[in-house]
Amino acid sequence: MVTFGFRVTPWEVEGVVDYDKLLEEFGASKISDELLERIKHLVGDVHTLLRRRIFYAHRDLDLILDDYEEGRGFFLYTGIAPSRSSMHLGHIVPFILTKWLQEKFKVNAYLMIPDEEKFLAKKTEDLRQVDELVDKTILDIIALGFDPDSTFIFKDREFIRNLYTAAVVVARRINYSLAKAVFGFNGETSIGLIFYPALQIVPTLFEKKRCLIPYGIDQDPYFRVQRDLAPKLGYFKTAGIMSIFIPGLEGVRSKMSASKPETAIFLSDSPEEAARKVMEAFTGGQPTVREQREKGGNPDICCVFQWFKILFEDVDEKLLERYHRCVSGELLCGECKVDLAERVKRFLREHQRKVLKAEEVKDKFLYTGKLAEKMWNWEFKY
Ligand code: SF4
């Protein structure tokens, strides 16, 4: 748990986050230009989420690249815990990068659906509500384009027989004082949530290779604990690349949140509903057209610009052009929001079409694909 006028735990983010302070506290490093150059050299390209520092920090990414270069390989792991609604655009960011890394480095990806976490964290009242969302979440993930033979998607409560031995071994090594200090548990915390971090650590031990996890920086506490105990079990400390929080529509300092539907665009929103939300987004524009023309806007505090930067404008030159047109007053917010709304609508139409197709291949990811079959026979070696 971190508090500096803001509070960050895996279940709560309160206040305005200072990302540099977080890094200092967590002991991670910024992703350097040299690391991005190495990635480009190895796979010919660098994803915009890395290039634009949406994923801005890392641990041991250099060692991952060494492992790849020297033929030892690595594997990927990420996940999402369903709670009260379907996935929103902020949720897909780690999955987009994971899919890109899988494709470029040709490695296995393990995608965890903790269908107990949010219930134990009291973020939802009804476990059946979680169950209703799980299948939808899985289809949304598949629709992002993962390879069915090198991706395994698992639900904790279904895969628990395979996870449990490793979770017990991991849990034995985490004492309550450490868990309380790292996760901010208190007298109101359910005992289920106190055990849960052991389960989230287990997938980092699925292979005897280094694991790379793309995640939102609020998830870091789990993996700091993993790095403490993995070598004692004969496994690698996990590596990670961490993203900033994806801003909601209320302002760049707000986090897109499933519990505040107006701040988020859900993958299940109709394209028209999503466009309506975009048109109401907070911008960095001036109160009147005349002032905008005279003084220009401020893209640095504008949600609309940030969304172009994160998900909806791949071409750097075009993003830069939008930036300059905004600050010079040439571009008006109305026009800019219409552009974004059109892109969001196009994305959602395409995504929702792919979700219908995902149903046909779902079993491969969960049970019958090459990696899935192997994992249903996985046993923890310790
Ligand atoms: Fe934001 Fe576009 Fe308005 Fe500039 S013109 S403040 S980028 S909405």
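The values are calculated or read from the model by the stated rules, or taken from the named source; none is laboratory data. All of these numbers come straight from a predicted model, not from anything done at the bench. Virtual Cβ from ideal backbone geometry, glycine too; neighbours counted across all protein chains shown. Each accessible area value is taken on the protein alone, full model and side chains, heavy atoms only, with ligands, DNA and RNA left out. Shrake-Rupley method; radii C 1.70, N 1.55, O 1.52, S 1.80 Å.
Tilt of helix 89-105 relative to the longest C-alpha principal axis of the chain, in degrees (0 to 90, nearest 10)?
60 degrees
Indicate, rounded to the nearest 5 percent, the antiparallel portion of the DSSP beta bridges found entirely in the chain.
Close to 45 percent.
So how tilted is helix 316-327 from the main axis of the chain? Cα-based, degrees 0 to 90, rounded to 10.
50 degrees
For a quick check: with amide H placed at 1.01 Å from N, whose amide H comes under 5 Å from H88's, ignoring anything fewer than 5 positions away on the same chain?
So H88 has HN proximity to L267.
When the Karplus curve 6.51 cos²θ - 1.76 cosθ + 1.60 is applied with θ = phi - 60°, which whole-Hz ³J(HN,Hα) does each residue of region 226-235 get, with x for Gly and Pro?
Coupling constants for region 226-235: 4, 5, 6, 9, 4, x, 5, 9, x, 10 Hz.
Given the C-alpha centroids of region 178-197 and region 356-378, what is the distance between them in whole angstrom?
Going from one Cα centre to the other spans 33 Å.
With a cut-off of 8 Å between alpha carbons and a minimum separation of six or more residues, what is the relative contact order of region 263-303 in percent?
With pairs under 8 Å counted, the relative contact order is 35 percent.
In whole angstrom, how far apart do the alpha carbon centroids of region 130-159 and region 40-92 sit?
If we compute the Cα centre of each part, the gap is 18 Å.
Pairs of lysine in region 62-170 with Cα under 22 Å and at least 8 positions apart or on different chains: total?
Eligible lysine pairs with Cα atoms under 22 Å apart amount to 9.
Under a 5 Å amide H to amide H cut-off, with H placed in plane at 1.01 Å, what residues pair with C302 once short-range neighbours are removed?
Close amide H contacts, sequence-distant or interchain: G284.
Once you wrap a convex hull around the alpha carbon atoms of region 2-249, what is its projected area averaged over all directions, in nm²? Please report the intermediate quantities before stating the final value.
Values: hull surface 53.0 nm².
The number I arrive at for region 2-249 is 13.2 nm².
Rolling a 1.4 angstrom probe over the protein heavy atoms, how many square angstrom per residue are accessible across the chain? Write out the running numbers ahead of the final one.
Working: 17120 Å² over 382 residues.
It amounts to 45 Å² per residue over the chain.
Just give me a number: lysine pairs in region 261-356, eight or more positions apart or cross-chain, with C-alpha atoms less than 20 Å apart.
11
At 222 nm, what value in deg cm²/dmol follows for the chain if DSSP H runs of at least 4 each add -39500 (n - 2.57) and the sum is divided by all its residues, to the nearest 500?
About -14500 deg cm²/dmol.
If you roll a 1.4 Å probe over the chain with all protein chains in place, what percent of the accessible area is carbon or sulfur?
50 percent
Sort 84-94, 184-194 by the packing proxy (mean of other Cβ within 10 Å over each peptide's residues), most packed first.
Numbers: 84-94: 20.8, 184-194: 12.9.
Top to bottom by mean Cβ count within 10 Å: 84-94, 184-194.
How much length is gained if the chain between I191 and K357 is pulled fully straight, taking 0.36 nm per residue apart and subtracting their Cα-Cα distance, in nm to one decimal?
Between I191 and K357, full extension yields an extra 55.8 nm.
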